[in-house]
Amino acid sequence: MLSKIRFLTFVSLYLCVFVPALFSEETLPTVRGYEELVSKLVNLRYQLSKEKQGWKEQEAWLKQEKELLLKEKEMLEKEIASAKEEDVSAKIERAALIERKKVLQESLDRSLPAITRAEVDLKRWREFLPVVLAKPLRKAFDELEKGKERSISKRLQVVLSLYEEIERLGNGVHLVKETLVAASGKKREMDVIYLGLTQAFAVSADNKIAGISRPAGNGWKWDWRPEIAGSVRKAIDSCNSREMAEFVHLPVKVD
């Protein structure tokens, strides 16, 4: 019985002395440290998972960007190749144009004597044409007077333009109003009809004065004949659609 009491006493002392020591404050920080380590580990795993997810998204974006850049590179290479082909084609075309220009210039140079003769002839035409019909051609005739100041091509252009207009005047019927010096020596505004560049008829507004004109060496010479005033007026009114068209007898001289 005594030994049993002693054993219980020893156990009690052990519990009072050694067991509290196992749970002293010195051991508590170690437990909290483990908790902190576990928390940090969990946080690191979370961050790692987040970084992996972010990298996957970035990797997909980088792959897509790479594909776009490769396509753009391919397009640029095609454009460069096309530009090189166009450059070669443009050089070939330019060389052909230069050669063509050279041939045309040589042709113009050979035509220079003919152009010069044409200019001399056209200057005579300026004096020959009726003033009222030549008025629209005044600018072209002024260009003609510049002669060698202009390029051969410009001179040829003016020559061809003037001949074309002169041909048009020669093949048409022209109704105009013109101030003429009548037989009395007074100036009168008259209605004039030019049959090409071969003959003209004039009549005054009161139908009392009429005349015939043909080109002469120094212009157009008028021959006044009052007796044909009615016929000239009828011809002019027919051309103006003021009367029914009919045959009109007028004195015409054909050379």
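The values are calculated or read from the model by the stated rules, or taken from the named source; none is laboratory data. Just so we're clear, the structure is a prediction, and the values are computed from it rather than from any experiment. Because the Cβ atoms are built from the backbone with ideal geometry, glycine has one as well, and the counts that use them run over all protein chains shown. Side chains are part of the model used for accessible areas, which takes the heavy atoms of the whole protein and leaves out ligands, DNA and RNA. Shrake-Rupley method; radii C 1.70, N 1.55, O 1.52, S 1.80 Å.
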Residues other than Leu44 with Cβ under 11 Å of its Cβ, Lys/Arg counted +1 and Asp/Glu -1, net out at +2
Under 5 Å from the placed amide H of Arg225, counting only residues 5+ away or on other chains, we find Ala210, Gly211, Ile212
The stretch 150-211, Kirkwood Rh and Cα Rg, ratio Rg/Rh at 1.21
For the stretch 70-141 (alpha-carbon point model, no solvent) the Debye-based log₁₀ I(q)/I(0) at q = 0.15 Å⁻¹ works out to -0.74
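Which of the residue pairs Lys91/Lys154; Lys123/Lys148; Lys101/Lys148; Lys56/Lys78; Lys91/Lys148 have a Cα-Cα distance greater than 25 Å in the structure shown? Before the final figure, lay out the partial values.
On the way: Lys91/Lys154 28 Å; Lys123/Lys148 15 Å; Lys101/Lys148 21 Å; Lys56/Lys78 33 Å; Lys91/Lys148 34 Å.
Pairs exceeding 25 Å: Lys91/Lys154; Lys56/Lys78; Lys91/Lys148.
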Residue-ordered couplings for the stretch 187-197, obtained by feeding phi - 60° into the Karplus form 6.51 cos²θ - 1.76 cosθ + 1.60 and rounding to whole Hz (Gly and Pro as x), are 7, 9, 7, 10, 8, 10, 10, 9, 8, x, 10
Quick calc: nm separation of the 7 Å Cα→Cβ label points for Trp61 and Arg188 -> 10.0 nm
Taking only protein heavy atoms and a 1.4 Å probe, the highest-to-lowest accessible-area order of Met190, Met75 is Met75, Met190
Relative contact order in percent for the stretch 98-182 (Cα pairs under 8 Å, 6+ apart) equals 35 percent
If each K or R counts +1 and each D or E counts -1, the residues other than Gly172 whose Cβ falls under 14 Å of its Cβ total -2
Simple spin-label estimate for Thr179/Lys40, 7 Å along Cα→Cβ, in nm, reads 11.7 nm
